[in-house]
Amino acid sequence: IMIEYLRHKYGLKRIAIVDTDVHHGDGTQEIFWDDPDVLFISFHQDG
């Protein structure tokens, strides 16, 4: 929701999402997988 708000309100074209968490943000990655203007980076715990 925030990504679309930023696009609409400020006219942003390219956006980076940096997810730092214990778990991989696979839901967020899936939502923006086919969007070439969103870069999704996830730092998460392994194992």
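The values are calculated or read from the model by the stated rules, or taken from the named source; none is laboratory data. Note that the structure is predicted; figures quoted are calculated from it, not measured. Cβ sites come from the backbone with ideal geometry, for glycine too, and all protein chains shown count toward neighbours.
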Practice prompt. Scan Arg7, Arg14 and give me the residue that is surrounded by 12 or more Cβ atoms within 10 Å (Cβ to Cβ) and either at pLDDT 95 or above or at negative phi (or both).
Written response: Arg7
Response to the item:
Condition set loosely packed, with under 13 Cβ neighbours inside 10 Å and modelled with pLDDT under 95, scope the range 27-40, selection nearest to Arg14 (Cα to Cα): answer is Glu30
Worksheet item: Which residue pairs have Cβ atoms closer than 7 Å, lie 6 or more positions apart in sequence or on different chains, and pair a first residue in the range 26-44 that is closer than 15 Å to Met2 by Cβ and free of Cβ contacts under 8 Å to residues at least 60 places away in the same chain with a second residue that is hydrophobic (A, V, I, L, M, F, W, C) and part of a helix (DSSP H, G or I)?
Response: Val38/Ile3; Val38/Phe32; Phe40/Phe32
Discussion item. Could you tell me how many of the residues in the chain are of a type in the set (Lys, Arg), touching a strand residue (DSSP E or B) at 6+ places or on another chain (Cβ under 8 Å) and part of a helix (DSSP H, G or I)?
Written reply: 1
